[in-house]
Amino acid sequence: MTDASFRPLEGVRVIDFTRLLAGPSATMTLAELGAEVVKVEQPGSGDETRHWGPPFVHGSSAYFQAINRGKRSIVLDLTAEADREVAHALIASADVVVESFRPGVADRLGIGAEEMVARFPALVYASISGFSQTGPLSAEPGTAVTVEAESGLMHVTGYEGADPVRSGVAMVDIATGMAMVNGVLAALLERERTGRGRRLEFSLFATALSALGTVIASSSAGGPPAKPWGSSHPSIVPYRAFAVADGHVVLGATNDPMFARLIAALDLGAELGGEGWARNRDRVAGRAAIEGVLAGRLADLDLDVVVERLRAARVLVARVRSPEEAARGAQAAALGMIDDDDGVTIARSALATNGTARLSRAPVLDADGPALRAELRS
């Protein structure tokens, strides 16, 4: 890690027993905030995401590189007494422990929350799981796709009448990781005041259900049952993606004056300028008619023309870009969000705009094992 101006966790040690995405993304964020993160991996293969490729770069998958930067690596066989003692010594040296074992496994391995917090009262111990440590689904495999299905998130994703689809990125994992970061930071602050640590628990299911809060509230308050809307919005018209002559554009009118400016910019006053479409509630009722007129008009226009006209009219509009285009774009560059690691494009966390550290590449398996063992022996 290089020097940076915003490193509030300098001197904090995090022992990372997590794998896959949610936990590793959270601990990488803690590293970006200045913490020393020690990633504990199983002998032989390590975190299975090391092998989620191709493509492979710097000895592991690009996937692994994207979410494990700035960490140290040690291999421990937690079923072996000697390695378990090393794990206990690491935990004794730590401020924070993060684990993502299936419920009950950490206890069986001798590093469970109850035992560790009892032995080390100042420890912040955070657990992450698919469906939580309790409840009828707690023992079920909790990956992004199973949680999106069980939580109802998959039910509202995609297009009505089509097969259910998962999110294009495992946003539930990433959001759960961010929830964990928030909880760990709050617990460290609390420890400054009380001298005591705290046990924390996070699950993908809780994150997904919380994210559906507006949907659940709307249907329970008398609104229609939840369903997938594609790129549309159930309560705003227009507000979706449309095809243009050379690509796709997203546009919307989040209030009535903006709709008036939209139709003026697209020369649709004759078709959509009547009083019957002036209010959003009427446009929602006439969704098919409004969107049909817009689709017909936009299909004949080039993307740059649409964006230029609507931005000039102060109307919500954006190009639909690929991730590669966005990463190469001027906005990402202006924010300092993108690093180049020998030709591999790395997107930094959203904290990067606040002066957090630029992280070194993800560690080789057990790269720091000998040094850490020697440190603990001394």
message: Looking for something closer than 22 Å to residue 346 by Cα and either surrounded by 14 or more Cβ atoms within 10 Å (Cβ to Cβ) or in contact with a helix residue (DSSP H, G or I) (Cβ under 9 Å, 6 or more places away or on another chain) (or both) - is there at least one such residue anywhere in region 126-134?
response: no
- line: Here the residues within region 188-218 that are within 24 Å of residue 18 (Cα to Cα), open to solvent by 50 Å² or more (accessible area, probe 1.4 Å) and out of contact with any Pro (no Cβ under 9 Å at 6 or more places or on another chain) are 189, 190, 198, 199, 201, 205, 206, 209, 210, 211
- request: Those residues that are within 23 Å of the chain's Cα centre (by Cα) and either of a type in the set (Asp, Glu) or farther than 30 Å from residue 142 by Cα (or both), I need them from region 198-239; list them, please.
  value: 201
message: For a quick check of your reading of the model, give me the residue pairs whose first member lies in region 52-78 and is closer than 19 Å to residue 170 by Cα and among the aliphatic types (A, V, I, L, M), whose second is part of a loop (DSSP other than H, G, I, E, B) and open to solvent by 10 Å² or more (accessible area, probe 1.4 Å), with beta-carbon atoms closer than 6 Å and at least 6 apart or on different chains.
response: 62/55
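For region 77-116, give me each residue that is closer than 24 Å to residue 8 by Cα and either open to solvent by less than 40 Å² (accessible area, probe 1.4 Å) or modelled with pLDDT under 95 (or both).
Taking region 77-116 and keeping what is closer than 24 Å to residue 8 by Cα, we get 90-99.
90, 91, 94, 95, 96, 97, 98, 99 - these are the residues of region 77-116 that are closer than 24 Å to residue 8 by Cα and either open to solvent by less than 40 Å² (accessible area, probe 1.4 Å) or modelled with pLDDT under 95 (or both).
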task: Identify all residues within region 147-163 that are in contact with a Ser or Thr (Cβ under 7 Å, 6 or more places away or on another chain) and surrounded by fewer than 17 Cβ atoms within 10 Å (Cβ to Cβ); write none if there are none.
output: 157
task: Could you tell me which of the residues 196, 191, 240, 261 is out of contact with any helix residue (DSSP H, G or I) (no Cβ under 6 Å at 6 or more places or on another chain), basic (Lys, Arg) and in a loop (DSSP other than H, G, I, E, B)?
output: 196
Residue match in region 27-50 (condition: of a type in the set (Gly, Ala, Ser), in contact (Cβ under 8 Å) with a residue 60 or more places away in the chain, assigned to a helix (DSSP H, G or I) and in contact with a helix residue (DSSP H, G or I) (Cβ under 7 Å, 6 or more places away or on another chain)): no
message: Can you report the number of residues in region 299-353 which are under 18 Å from the mean Cα position of the chain (by Cα) and open to solvent by less than 20 Å² (accessible area, probe 1.4 Å)?
response: 3
query: Are there any pairs with C-beta distances below 7 angstrom linking a residue in region 200-221 that is of a type in the set (Asp, Glu) to a residue that is part of a strand (DSSP E or B) and open to solvent by less than 30 Å² (accessible area, probe 1.4 Å), with the two at least 6 apart or on different chains, and if so which?
result: 201/127
- prompt: In region 344-367, which residues are within 15 Å of residue 60 (Cα to Cα) and either part of a loop (DSSP other than H, G, I, E, B) or in contact with a Leu (Cβ under 8 Å, 6 or more places away or on another chain) (or both)?
  reply: 360, 361, 362, 363, 364, 365, 366, 367
field: Checklist (1) of a type in the set (Val, Ile, Thr); (2) at pLDDT 95 or above; (3) open to solvent by 10 Å² or more (accessible area, probe 1.4 Å); (4) assigned to a loop (DSSP other than H, G, I, E, B) applied to residue 2, failing item
entry: (2)
message: Residues that are under 22 Å from residue 215 (Cα atoms) and among the basic types (Lys, Arg): list the strands (runs of 3 or more DSSP E) wholly contained in region 69-177 that include at least 3 such residues.
response: none
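The values are calculated or read from the model by the stated rules, or taken from the named source; none is laboratory data. Note that the structure is predicted; figures quoted are calculated from it, not measured. Neighbour counts are summed over all protein chains in view; Cβ atoms, including those assigned to glycine, are modelled from backbone coordinates with ideal geometry. Areas reflect the complete protein model, heavy atoms only, side chains present, ligands, DNA and RNA absent. Shrake-Rupley method; radii C 1.70, N 1.55, O 1.52, S 1.80 Å.
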